[in-house]
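Only the coordinates and a few stated rules stand behind these numbers; no lab work does. Nothing here was measured: the structure is a model prediction, and the numbers come from that model. Don't worry about glycine lacking a Cβ; one is built from the backbone with ideal geometry, like all the others, and counts go over all protein chains shown.
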Amino acid sequence: MERNNFTTTIKKQPVVTILGHIDHGKTTFLNAIRNLPFTGEKPGGVITQEIGLFEVEVEGSKITFLDTPGHEIFSQMRERGAKTADIAILVVSAIEGPKDQTKEALEAIKKAQVPFLVAITKMDLPGANPQRVKQELTKIGINIEEFGGDVPVVETSAKTGQGIKELLEILILLAEMQNLKADLTKKPKGIIVESQFDSKKGFLATCLVEEGVLKLGQIIGTQTAFGKIRRMENWKKEPLQKAFPGQGVLVLGFEGQPGVGEIFEVFESTEEAKENLEKLEKREREILIPKEGQKTFDIILKADCLGSLEALEKLIERLPQDKVLVRVLKSEVGLVSEDDIKLAKTSGGKILAFKTGVDKVAKKILEKERQIKVYQFSVIYDLLERIKKGMEKMLEPEIERKEIGKLKVLVLFWRSGSRQIVGGKIIEGEVKKGVKIEILRGDEMVGKGKLINLQINKRDVEKAKKGDEVGILYEGDERIKEEDILVFVIEEKRKVEI
């Protein structure tokens, strides 16, 4: 778009994050990239511990590398609606192959829905076996290019520089395929990558700019801190006047310490920043942290007026949430917007609109993003029922145990492995073929199994009743003995209701 011959839309600098197992050479790999052109010398200090990111220029294009503390922060940023990275690199050791942390990192990448490539590291070490690693990658669900998939895999060595240049070229290609753009007229916004306190300089924050142009002198704020930008530095500690989308900068001027993963915005005044802080603190309290084992049902709430929102929020708070926690990721008056759809896509939250519609831009996006739906309501209790149904779907059905009969074992016929044929008399209820068996010896349950077959007078039957003498084929680990009582049990699934 053009305005007064001034271009307000530019090509966005791609942001790349590196994830993987803690011992698979992520930091060494990053240092090898940071120290291009490769010299083979040991890197002079780990800049990522200071600022959390750095830039590399490849064939005239710049790439920002973000060193996240781990997939937990990556997931946290995703849930807060921030598209932290445009591309991800999954590092995997050429010796060890994928580990549990690799799988967790892969899950975080998939949830964030960003393109990625795999860097097989430590190729210079004895025992490196990239072909075995590639086979293992396919087993955990990565469709690599070499085997007909779409995920590039690059064999690398931080020590020799092998594959580093090729990897950077692939990153540029992936960025070009996404056609990343940035609108400079948008209000500056981004995410806090790192935060610390310096006894001489005060509070410092590494900010990754996502939208707009961050400038010296602006009022910046998050949900926990705000201040006036007194100084900005790039990753080389050079002073900056401006920072564009895709760039990371060290910001001095916060009056408090912002939290890692928090979204920052620019405000017209200190007063506006304070009001925003109070509003976000309230919202953050509402987005509760789930207890261990507790599931979460995330929603994005839109309404026609503040009164409707407040009424809905109070009713949602009253829902039983011991098993499933309802988290209100966003609660706002107005039409469903592009930002709401982005948040739904990155967080997996459901968009619930009460007496309000969808704006034009959002409608066009929804035509392409078929997996995202906007649920519209005109009656409050219909909206609450939708939340309840969503919560119930997340719960496993309860298993209800029901005793249907008992048998006293009178004679033992045959046993082979885990199977045994016994005879006895039904003393209570009835018995059906296929039911579960619990073995009582005295007052103690000593084993469990299954009734495979049932006979009366050596003829197969489906069921038998009290008083019948029967032969049964039992399967289970515990051996049945004479005088044991066999309890016949059926288990029924029951839907859990909120």
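Descriptive notes on the structure:
- For region 398-494, the dipole from Cβ point charges (+1 on Lys and Arg, -1 on Asp and Glu) about the Cα centre works out to 320 debye, to the nearest 20.
- Charge context of E169, other residues only, Cβ under 12 angstrom, K/R +1, D/E -1: -2
- A DSSP coil position with no more than 16 other Cβ atoms inside 10 Å describes the following trypsin sites (Lys or Arg not before Pro) in region 459-498: K466, R479, K481, K495.
- Taking the Cα centre of region 142-207 as reference, the dipole from Cβ charges on Lys and Arg (+1) and Asp and Glu (-1) amounts to some 680 debye.
- Compactness of the chain, expressed as Rg and Dmax over alpha-carbon positions, Å: 30.7, 99
- Relative to the dominant Cα principal axis of the chain, helix 380-393 is inclined by about 70°.
- Rel. contact order, % - alpha carbon contacts under 8 angstrom, at least six apart, the chain: 10 percent
- Filtered GluC sites (Glu not before Pro), region 342-448: DSSP coil and at most 14 other beta carbons within 10 Å: E369
- At full extension, E268 and K201 could sit 21.7 nm farther apart than now, given 0.36 nm per residue minus the alpha carbon distance.
- Taking amide H positions as modeled 1.01 Å from N, with prolines and chain starts lacking one, the residues under 5 Å from T9 and 5 or more places away or on another chain are L184.
- Filter on K11/K186; K425/K448; K139/K495; K342/K364; K12/K242; K274/K360 - keep pairs with C-alpha separation over 24 Å: K139/K495; K274/K360
- Other residues lying with their Cβ under 12 Å from the Cβ of L384 contribute a combined charge of +1, Lys and Arg counting +1, Asp and Glu -1.
- J(HN,Hα) series, region 242-255, from Karplus relation 6.51 cos²θ - 1.76 cosθ + 1.60, nearest Hz, glycine and proline x: 9, 9, 9, x, x, 8, x, 9, 8, 10, 10, x, 5, 7
- Helix 100-112 and the longest principal axis of the Cα set of the chain meet at an angle near 70°.
- For G405, the shell of other residues with beta-carbons less than 14 Å away shows a net charge of +4, using +1 for Lys and Arg and -1 for Asp and Glu.
- Folded to 0 to 90 degrees: helix 306-317 orientation relative to the chain principal axis, Cα: 40 degrees
- Hits among aspartates and glutamates - C-alpha to C-alpha of K99 under 19 Å, sequence gap 8 or more where chains match: D23, E72, E107, E136, E155
- Among the listed pairs K330/K388; K393/K436; K291/K363; K237/K345; K189/K237, those beyond 29 Å (Cα-Cα): K291/K363; K237/K345
- Cα Rg, Dmax (largest Cα-Cα span) when computed across region 398-494, Å: 12.3, 38
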